[in-house]
Amino acid sequence: SKSFIGLKAPIKLSLTKLFILTFLIFLTTQLFSQTIRVKGGLNLSKMHMVADGDIVSDDYDFLTGYNVGVTSEFPISKIFSLETGLILNSKGFSNNESYEGFEYKEKIDLLYLDIPVTAKASINVGDAKIYGTFGPYLGIALKGKMTAEASYEGETESSSQDISFGDGEEDDQIKRLDFGLTIGAGVEYKAISLGLSYGLGLANLSYDSDDDYDVMANNRVFAVTLGYKLFSN
């Protein structure tokens with residue numbers, strides 16, 4: 001079967017310039033934020049893939065990963081606030097297939113720097129606070145690796161390669177920029193917070209589209225995150 005390995009070359013992006021711009025924007029927001037938190041936790045990621053109108057990812061397995069980062073919260077009222085941050089998010093998927101003695105295992109590991117901008121609504125319940133969040137995110141792929149292993153009648157072959165992101169070369173495999181929506185909920189108690197979220201990728205990461213074949217690939221991520229409040233005005 002044909003994977004989402006890309007064919008088309010994108011506009012060249014300067015990753016260094018993106019990092020500098022992102023850091024400066026985030027540093028500026030820190031000066032005006034009311035609450036700063038560090039967060040980290042567990043990710044379960046998958047990829048939604050459609051080839052020529054047929055969903056081919058129903059049997060894909062979740063890939064276990066992590067999230068870690070820092071967020072800033074800006075109050076709008078007693079109930080509503082705006083939250084943003086810089087989050088390192090692992091994404092990807094794994095795929096295991098077997099047929100008449102033939103076994104195939106594939107894993108795509110991706111690491112993104114995500115920038116969420118979410119609206120947050122909170123209500124007090126005793127000494128705790130329950131909240132919900134919703135909003136868009138922008139993701140910048142930092143690195144990725146694809147590993148595969150095929151076995152048949154006791155013989156096994158394996159391969160591993162770094163993924164080439166959109167940098168203007170003909171062998172680019174995945175577009176570097178991701179974007180989508182994130183929705184979540186959680187509870188805060190004093191300086192500690194615990195949240196659940198779901199990232200719905202809307203960007204088609206595949207270059208593999210032509211007149212005869214069309215592939216769409218979107219990130220999907222469930223996350224459990226533990227946070228600690230460092231600063232609050």
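None of the figures in this text is laboratory data; all of them are computed from the coordinates on show. Computed from a prediction, not measured in an experiment: that's the story for all the values here. Cβ sites come from the backbone with ideal geometry, for glycine too, and all protein chains shown count toward neighbours.
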For an R0 of 30 angstrom, estimate the FRET efficiency from the Cβ-Cβ distance between residue 228 and residue 143 and round to the nearest 0.05. 0.65
Would you grab the residues whose amide H sits under 5 Å from the one on residue 91? Only those 5+ places off in sequence or on another chain, please, with H modelled 1.01 Å from N. 110, 111, 112
First select every other residue whose beta carbon is under 9 angstrom from the beta carbon of residue 47; then total the charges, Lys and Arg +1, Asp and Glu -1. +3
Residue 66: net charge of surrounding residues, Cβ under 12 Å, Lys/Arg +1, Asp/Glu -1, itself excluded? +1
Can you tell me the length gained on complete extension of the stretch residue 150 to residue 34, counting 0.36 nm per residue apart and subtracting the Cα distance? 36.5 nm
Between beta-carbons, use under 15 Å as the cut-off and find the net charge around residue 120, counting Lys and Arg +1, Asp and Glu -1. +2
